[in-house]
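None of the figures in this text is laboratory data; all of them are computed from the coordinates on show. Not measured: the values here are computed from a predicted model. With ideal geometry, Cβ positions are generated from the backbone for all residues, glycine too; neighbour counts draw on all protein chains shown.
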Amino acid sequence: MEFDVAVIGGGINGLFTALDLSLRGLKIVLLERGSIGSGTSGRMHGLLHSGARYVVTDPRAAIECAEENRIVARIAPHVVDDVGGYFVAITKDDLDFQEEFISGLRKANIDYRVVDTRDAIREEPNLNPEVKAVVEVPDKVVYARELLMSTAISAYNEGALVIQNAEVIGFDVNGNGIMNARVRDRVTGNIKRVGARVFVNAAGPWAGRIADMAGINVNIMPTMGVMVVYRHRLTRRVMNRMRPPSDGDILLPYGFESIMGTTAVIVEDPDNLTINKDDIDFLTSEGSQMIPALTKEPVIRAYASVRPLISIPGATGREATRDFMVIRHERPSNFISVIGGKFTTGRLVGERIADEVSKVLNVNKPSRTRDYVLFGVDLSSDVKDLDVEIRSITQSFRGSIDEERGLIASLSLILYQISHKSRSLLGW
Ligand SMILES: Cc1cc2nc3c(=O)[nH]c(=O)nc-3n(C[C@H](O)[C@H](O)[C@H](O)COP(=O)(O)OP(=O)(O)OC[C@H]3O[C@@H](n4cnc5c(N)ncnc54)[C@H](O)[C@@H]3O)c2cc1C
């Protein structure tokens, strides 16, 4: 089977690329070496950025986040919790940053409200009583896996094949272009060939390795971050430290729990991450400056993932931009890579990559993803050829005590079938 485009990587960037291109009528296959979301996207912090965090240090990323925050909430309301966010000044240095911060919010056109500290403590009783200033912004929480799976199912519904456990291990290059990706089927161990007119490298922190396979050097700076999960939800809103982005400055309510993050350390190998007790102690200590009760909270677990940041000579993980870059390589001429970005801007990345692919393939259709409501808002809506038993299980959650929790179970089941179906359509 020959495809118009093979997308490598089932993270937020690859998935929105596959959806966008399918909606433009192209024949797409998405290859993911593990399961959908098994890379960085399924291990992020959970913040659908309002953009506020970047208004001073990275204004372009801030403006993109601000717009995507609104779009994602509109197209995926079932996975977005509009909790709002506070930026809180705890020290005099934080307070000194307030003026620059507010001026940045104005320039980026981000809604904000300066909140009286007594009102803020009434709203958020766990907030440090010594808080010096509070600014409210439209931060939201996004449920990562649900959004990823909803996007994968939507892409499939629009004609894409989505294959999990399909690891790209090399390319067959002919003259100036790639003919096939060589793919290890991690279920059977067999090596397969997948042909396409264009190949998109959306492998996140592994993008450098994929580019290597095509004989290209792509400079990414894999930067690890640790998150700590605490037993209880301690705040209604996302709590951000009012200072330039630094380690340990966001506490986020995720369902019934709280997640504190994060750190930024450049690593060699995104598959080999170690979390130290020091990381957990550090994050708890930083978080407790905003929410003192954090020190008494049981830590359930910690996890880590790697940002695929754009490499800037001499920069550390915190100095690197959170913006993204779509690269159309000269040779092989049918190969496009993306590096950088945020989970929040994944839809926009997909749109930009799809624009580049459209130029290569001479397709003249605009992106539709900014108004495309994703699968999952209503679980009874159609999925192509969905197994009757799976449909009956997913629908049985409706109107039950577990309707909300049933979402992730339902999406997982549907995704399993989609990957299966896609494999059989490929003859795997
Ligand atoms: C600690 C941390 C916290 C973060 N928190 C936030 C946040 O709160 N909000 C926010 O907006 N952003 C956040 N980010 C940033 C955001 O998570 C990432 O920018 C984004 O998820 C990257 O998506 P991606 O699709 O590029 O990469 P990934 O999600 O890593 O996707 C790449 C995929 O490629 C697959 N792959 C790799 N090699 C191969 C191969 N050979 N063959 C096939 N597939 C392959 C991987 O398995 C992976 O699934 C955070 C990042 C980190 C590290």
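Could you tell me how far the Cα centroid of the range 225-262 sits from the Cα centroid of the range 173-203, in Å?
Their Cα centres are 39 Å away from one another.
Amide H of ILE266: which non-local residues (sequence gap of 5 or more, or other chain) have their own amide H closer than 5 Å, using H built in the peptide plane?
Amide H to amide H, under 5 Å and 5 or more residues apart or across chains, ILE266 pairs with MET224, GLY317.
Rounded, prolate or oblate: which one fits the range 124-259, using the alpha carbon gyration tensor with axes a ≥ b ≥ c (rounded when a/c is under 1.5, else prolate when a/b beats b/c, else oblate)? Please list the in-between numbers first.
Details: a/c = 3.12, a/b = 2.24, b/c = 1.39.
Prolate.
How far, in degrees from 0 to 90, does helix 277-290 lean away from the longest principal axis of the Cα atoms of the chain, to the nearest 10?
So the inclination is approximately 50 degrees.
Taking Cα atoms, how many degrees apart are the long axis of helix 346-361 and the longest axis of the chain, rounded to 10 and kept between 0 and 90?
Helix 346-361 sits at roughly 30 degrees to that axis.
Report the relative contact order of the chain, percent, no decimals, based on alpha-carbon pairs under 8 angstrom and at least 6 residues apart.
On the way: 975 pairs, mean separation 96.1, N = 428.
Normalised by residue count, the contact order of the chain is 22 percent.
Compute the Cα gyration tensor for the range 355-428, then decide on rounded, prolate or oblate, letting a ≥ b ≥ c be the square roots of its eigenvalues: rounded whenever a/c is under 1.5, prolate when a/b is larger than b/c in the other cases, and oblate in all that remain. If you can, show how the numbers build up before the last one.
On the way: a/c = 3.33, a/b = 1.64, b/c = 2.03.
Oblate, since a/c reaches 1.5 and b/c is not below a/b.
Leaving out same-chain residues fewer than 8 places away, which aspartates and glutamates sit with a Cα under 20 Å from that of LYS359?
Correct list for LYS359: GLU2, ASP4, ASP20, GLU330, GLU351.
Which ³J(HN,Hα) values, rounded to whole Hz and listed in residue order, are derived for the range 82-87 from phi using the Karplus coefficients 6.51, -1.76 and 1.60 in 6.51 cos²θ - 1.76 cosθ + 1.60 with θ = phi - 60°, glycine and proline given as x?
Per-residue couplings from phi come out as 7, 7, x, x, 10, 9 Hz.
Starting from the coordinates of the alpha-carbon atoms of the range 204-255, obtain the Kirkwood hydrodynamic radius over all distinct pairs and give the value in Å to one decimal.
On the way: mean 1/r = 0.0698 Å⁻¹.
Every distinct Cα pair counted, the radius reaches 14.3 Å.
If we sort 12-21, 131-140 on the protection proxy, mean other Cβ atoms within 10 Å, highest first, what's the order? Present the calculation step by step, with values, prior to reporting the outcome.
Numbers: 12-21: 32.3, 131-140: 21.5.
Per-residue Cβ counts within 10 Å, averaged per peptide and sorted highest first, yield 12-21, 131-140.
Give the distance, in whole Å, between the Cα centre of the range 333-393 and the Cα centre of the range 74-96.
Going from one Cα centre to the other spans 27 Å.
From a point 7 Å beyond the Cα of VAL363 in the direction of its Cβ, which residues of the range 149-170 have a backbone N at a distance under 19 Å?
Those under the cut-off are 151-163.
Past the 41 angstrom mark, what percentage of all C-alpha to C-alpha distances in the chain do you count? Before the final figure, lay out each step's value.
On the way: 13983 of 91378 pairs.
More than 41 Å apart: 15 percent of the Cα pairs in the chain.
Where in the range 366-394 does the label zone of ARG70 land, with the point 7 angstrom along Cα→C-beta and an amide N cut-off under 15 Å?
Hits in the range 366-394 for ARG70 at 15 Å: 370-371.
Given a cut-off of under 8 Å on Cα pairs at least six residues apart, what relative contact order in percent is computed for the range 1-72? Provide the component values of the computation, followed by the final result.
Details: 77 pairs, mean separation 18.5, N = 72.
Dividing the mean separation by the residue count of the range 1-72 yields 26 percent.
For the chain, what is the calculated [θ] at 222 nm in deg cm²/dmol (nearest 500), taking -39500 (n - 2.57) for each run of four or more DSSP H residues and dividing by its residue count?
On the way: 10 runs with 136 residues, N = 428.
It comes out at -10000 deg cm²/dmol, rounded to the nearest 500.
How big is the antiparallel share of DSSP beta bridges in the chain, given as a percent to the nearest 5? Walk me through the numbers before you get to the answer.
Details: 54 of 74 bridges.
Within the chain, antiparallel bridges account for around 75 percent of the total.
Can you give me the relative contact order of the range 160-265 as a percent, contacts being Cα pairs under 8 Å and 6 or more apart?
Values: 173 pairs, mean separation 18.9, N = 106.
Value for the range 160-265: 18 percent.
Which value results when the Cα radius of gyration for the range 1-101 is divided by 2.2 N^0.38 Å? Walk me through the numbers on the way to the answer.
On the way: Rg = 18.0 Å, N = 101, 2.2 N^0.38 = 12.7 Å.
The reported ratio for this selection is 1.42.
Is the shape of the range 292-428 rounded, prolate or oblate, going by the alpha carbon gyration tensor and its root eigenvalues a ≥ b ≥ c, with a/c under 1.5 for rounded and a/b larger than b/c for prolate? Please report the intermediate quantities before stating the final value.
Details: a/c = 2.28, a/b = 1.18, b/c = 1.93.
The shape class here is oblate.
Angle between the Cα long axis of helix 12-23 and the longest principal axis of the chain, 0 to 90 degrees, nearest 10?
Value to nearest ten degrees: 50.
In terms of modelled amide H atoms, which long-range or inter-chain residues lie less than 5 Å from the amide H of ILE169?
ARG182, VAL183, ARG184
Once phi is turned into ³J(HN,Hα) by the Karplus curve 6.51 cos²θ - 1.76 cosθ + 1.60 with θ = phi - 60°, what whole-Hz value does each residue of the range 258-268 show in order, with x for glycine and proline?
These are the phi-based 3J(HN,Hα) values: 10, 10, 10, x, 9, 10, 8, 10, 5, 10, 7 Hz.
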